[in-house]
Every structure is written in C-alpha cells, then in structure tokens.
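One structure is given below, encoded as structure tokens.
Just so you know, all these numbers are worked out from the coordinates, no wet-lab data involved. Given the structure is predicted, the values throughout are model-derived calculations rather than measurements. Cβ placement follows ideal geometry from the backbone for every residue including glycine, while neighbour counts extend to all protein chains displayed.
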Amino acid sequence: MKRLGGIFSALCLAAVLWGLWLIWAPQPAPQPQPQPQPPATGWHWPGLPDLRLPEFRLPRITLPPVFQRPPARPEAPIASPVQRILVEKSARRMTVWQESGPPRTFRIALGFAPEGDKSREGDGRTPEGIFRIDRLNRQSAYHLSLGIDYPQARHREAARRLGVSPGGDIMIHGQPNQIPDGFRVKGDWTAGCIAVDNAEIEEIFAHARIGTEVEIRP
C-alpha cells in the first residue's frame with residue numbers, strides 16, 4: 001500500500017513539473033512569412049540566384065551645333081515681276097515664280113467644296129486648268145484680288161450642255177475686309193477662289209501683270 005502511495009506521489013510531482021516547464025520554457029521565435037515577389041522582368045529559375053540584369057538606359061546625347069539641322073530660313077519676298085503662278089489644290093499650295101530671284105510658296109484656302117473641277121455657278125469648287133490674269137482689283141471685298149479668265153469657251157460650252165451657268169469671278173485674293181487685319185479665316189471657305197493672307201496678296205499684287213499664266217492643278 002505504501003508502494004502505491006509512493007508511485008502516486010511521484011506521478012503528481014512529475015505532472016506539476018511538466019506544467020511548470022510548459023509555462024516557463026522559452027518559446028521558439030516566429031518564422032517570417034514569405035513576401036510576395038514582384039513580377040519578373042527577366043529570366044529567372046526557381047531555386048537559383050536572381051540572374052536578371054539591372055535596368056539600363058542610354059544617356060541622352062545632344063549633338064554639337066555643327067551636326068544639328070539648321071532652322072528653316074524664311075523665303076525672301078517677291079521683288080521682281082511675277083512670271084508664272086502654280087496652284088496645287090490637293091497640297092493647298094501656291095508657288096509664284098518671279099523674273100529675278102527664287103520662287104515663293106504660299107499656303108492657300110480654296111472653295112468650300114474643293115474636290116473636282118468647277119462645272120457650274122455655286123458648286124463651291126475651284127476650277128482646274130491653265131488661265132491668265134485678266135484684271136487687278138484694288139477695290140476688292142477681299143483686300144486685293146487678281147482675276148483669272150474663267151470661264152473660258154470650253155467651260156461655257158460644258159455648262160450650256162448641262163443647262164446651267166458656269167459661274168465666274170474666280171480670283172486670287174486676300175481675307176474678307178470685315179475681319180481685323182492680321183487674322184486669317186480657317187479652312188476652305190471661298191466660293192471657288194484662291195485665298196492667301198493680306199500681307200501675301202499685297203506682295204503678289206505689287207508684282208503681278210495682266211496676262212501672267214496661272215495653272216491650277218487638282
């Protein structure tokens with residue numbers, strides 16, 4: 001009986017010591033949680049060192065002035081009699097050749113319906129073909145104007161067959177007198193004429209002559 005009591009006492013003592021060890025024993029340090037990796041930007045094999053190359057950018061190189069494209073020089077103004085005028089409708093460009101000096105180019109506006117050749121009054125088209133300057137108008141409603149000899153016989157005949165009027169008063173002119181000087185109407189806005197800035201029509205008008213050829217291409 002005494003032996004059983006001793007065994008029981010020993011078991012109780014062991015249980016107490018085990019509980020005390022659980023309370024006072026050092027706890028293991030928490031393991032860090034794996035952090036999400038950023039998306040790979042290069043070749044990488046799991047388990048191997050990161051072999052991705054660092055990002056590399058070429059430095060910005062500024063060429064010395066000797067290698068740089070020079071700024072465009074403004075064209076010299078017309079200073080001698082005008083010899084020929086070429087209008088390229090699709091490019092919205094007019095080139096003026098003069099007797100002495102380089103040709104001069106101008107940005108132009110056309111009729112409000114510029115595609116195709118003019119066939120009747122009010123169609124908003126700018127005629128195509130070879131014409132001549134036949135009048136100079138200092139009292140124009142569009143600053144200054146150079147009239148061309150449209151309609152010609154072929155235009156009148158074509159319009160007669162259609163039973164319509166071929167129209168007329170086709171000019172190379174400036175901006176409407178109603179707008180302030182220095183402003184320009186945007187887009188294609190004329191009734192079939194060719195429009196430039198007021199300063200430009202002054203330059204052309206000063207050297208234009210009756211009979212000068214004006215070719216108008218599509």
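Computed values, structure above
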{"read-out": "The stretch 113-218, relative contact order in percent, only Cα pairs under 8 angstrom and at least six apart counted", "value": "36"}
{"read-out": "Peptides ranked, highest mean first, by Cβ atoms within 10 Å: ranges 128-134, 176-182", "value": "128-134, 176-182"}
{"read-out": "Summed residue charge, Cβ within 10 Å of LEU110's Cβ, Lys/Arg positive, Asp/Glu negative", "value": "+1"}
